[in-house]
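These notes are about the structure you will find just below.
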Amino acid sequence: MSRTLVKDALHATAPMDAILLQGWVRTRRDSKTFSFIELNDGSSLKGIQVIADSSLPDYVNITKANTGASIEVHGRLVESKGSGQKWEVAAQRFTILGEADATYPLQKKGHTLEFLREIAHLRPRSNLFGAVFRVRSRLAYAIHQFFQERGFHYVHTPIITASDCEGAGELFRVSTLDPANPPRTEQGAVDFAKDFFGKQSYLTVSGQLEAEIFATALSNVYTFGPTFRAENSNTSRHASEFWMIEPEIAFCDLQGNMSLAEEFVKHLIRDAKEHCAGDLEFFAKFVDKDLLARLDFVLERPFQRCSYTEAIDILTRSGRKWEHPVSWGDNLQSEHERFLAEEHFKCPVTVYNYPRSLKPFYMRVNEDGKTVCAMDLLVPGIGEIIGGSQREERLDVLKENLAAHHLSEKDYWWYLDLRRYGTVPHSGFGLGFERMLMFVTGVANIRDVIPFARTPGTAEF
Ligand code: 4AD
Ligand code: MG
């Protein structure tokens, strides 16, 4: 007999004479003649109630069906007499597959998120994390669907690379040299020519440069994979390993890029509302009571657009006392980004045309010579969730940019070739998958939307 998932049992349209369920005991309540077990198998937030009659042959074992134990139940799906559920299972036979004793750490509700992070191997069995990781899985699917339906091709960019796309120097080195005794050059420096790849190599911070190669061949492409940043910022929005989605579009300018970003973010919200309704209601009840209203609000309105120069103007005229005072040429800090999205525009806003000096070498220089075709999408509650740009497609300007960033043409020979041969205007952006999940679930810490968080000082599991 094949297994029925709890989710499908709960959505049954008629009683069933024979059903097999497998899962984990969430709670058990015993009365004189019955035991009530709440069984959850992760297929949905809701578990199903199993009623075991004391006349069952295995009933002596029922006391082993403790919270956390895995069990298998054969029985009948019958209409529930209790309130709150339509169906329940009248057990005819049950087997304890794996016991769990009183040391099982998820005994009762109300654990702190910090404690649950320490038991990241068990937290997916809790209501909150079950919901988070179902939404994560669904949105990963929706991402592919969004791009595939629009004719984008999925490109697998390398995880190990020799180039620092963002130029921020936040790279994790990949090396097989013996750290205690590395080979040295005559000058005494570590001789990376003798390292595994014959040169210094790193974990990628972004697949963009390689995605550009494919956009100038397949026109519309996207990447979706892990990226790594050795950024020593211990915040609720930064992880050292995170997943990024990076579309790259040939024959597309910054305006088209902004429109695609807006359409993409709205698509993901709509998809979660449609396919993860129960989980989102749970977040709205226990995590962030304004969540559903905020998501609807975001769907209903066009995102705002505002140049960096206008943004600086808004911030300086706001009369606020900033922790980091801001003037033209400064990076926007989180407090500024959140003010713009939460208090000024009260809506997601795309800030564009940033000062050239703040941004990486690959962004297209505007006619003013001072700003570049950059864009950051800022959302309420989080700040930046997308960073993108129109790319510099002019060979001579790109060479100037490399020089200005002290990067060598020799290292970027292949990137320059894309401008030497059949160059086209092109644009793209990167969406931080975890930040998007924070936005959709209301979960406030990035450590709680990724299965196993890697942050400075932490790489358990
Ligand atoms: O703004 P970023 O650095 O842009 C790029 O990497 C470009 N190469 C993207 C492109 O144009 N193809 O990063 C893009 C997004 C950010 O907006 C943010 O959502 C996320 O990636 N991100 C992080 N998420 C979690 N932890 C970190 N340390 C992150 N750094 C960036
Ligand atoms: Mg950025």
In terms of modelled amide H atoms, which long-range or inter-chain residues lie less than 5 Å from the amide H of GLY23? ILE71
Nearest 5 is fine: what % of DSSP beta bridges in the stretch 284-422 come out antiparallel, could you say? 80
At q = 0.14, 0.15, 0.17, 0.30 Å⁻¹, what log₁₀ I(q)/I(0) does a Debye calculation on the Cα points of the stretch 404-461 give, no solvent, two decimals? -0.71, -0.73, -0.75, -1.25
For the stretch 253-361, which trypsin sites (Lys or Arg not before Pro) are both in a DSSP coil and crowded by at most 12 other Cβ atoms within 10 Å? LYS289, LYS321
Using the alpha carbons of the stretch 74-214, what is the convex hull volume per residue in cubic angstrom, as a whole number? 280
Positive-end residue, the stretch 18-162 charge dipole about Cα centroid, Cβ charges, pick of ILE160, ILE19, PRO105: ILE160
Based on the mean of other beta carbon atoms within 10 Å per residue, what is the order of 128-138, 188-198, most packed first? 128-138, 188-198
What number, in percent, do you get for the relative contact order of the stretch 215-305 if the mean sequence gap of Cα pairs under 8 Å and at least 6 apart is divided by its residue count? 22
Zero-based 5 Å bins, Cα pair distances in the stretch 307-356, whole percents: 4, 22, 36, 26, 10, 1
What accessible area, in Å² to the nearest ten, does a 1.4 Å probe give for HIS11? 140
Heavy atoms only, probe 1.4 Å: what % of the accessible area of the stretch 178-291 goes to carbon and sulfur, would you let me know? 52
Give the accessible surface of the stretch 276-353 per residue, rounded to a whole number of Å², with probe radius 1.4 Å and ligands, DNA and RNA excluded. 54
Using a 10 Å cut-off on Cβ atoms, rank the peptides 380-390, 72-82 from the highest mean neighbour count down. 380-390, 72-82
Hey, can you list the DSSP H helices of the chain whose Cα span along the axis is 18 Å or longer and whose average Kyte-Doolittle score is at least 0.0? 127-149
With a probe of 1.4 Å, find how much accessible area the stretch 68-157 has per residue, and write the answer as a whole number in Å². 53
Compute the convex hull volume of the Cα atoms of the chain, divide it by the residue count, and report the result per residue in Å³ as a whole number. 196
Local charge sum around TYR412 (other residues, Cβ-Cβ under 15 Å, Lys/Arg +1, Asp/Glu -1)? -4
Can you tell me how the stretch 245-348 classifies by the Cα gyration tensor, rounded, prolate or oblate, using a/c under 1.5 as the rounded cut? oblate
If eta is 1.567 mPa s and T is 4 °C, what Stokes-Einstein diffusion coefficient results for the stretch 1-91, Kirkwood Rh from Cα pairs, in µm²/s? 100
Among PHE147, GLY369, SER126, the residue whose Cα sits farthest towards the positive end of the charge dipole of the chain, when +1 is placed on the Cβ of each Lys and Arg and -1 on the Cβ of each Asp and Glu, is SER126
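The values are calculated or read from the model by the stated rules, or taken from the named source; none is laboratory data. None of these values were measured; they are calculated from a predicted model. So basically every Cβ, Gly included, is an ideal-geometry build from the backbone, and we count neighbours across all protein chains shown. Just the protein is used for accessible areas: all its heavy atoms, side chains included, with ligands, DNA and RNA removed. Shrake-Rupley method; radii C 1.70, N 1.55, O 1.52, S 1.80 Å.
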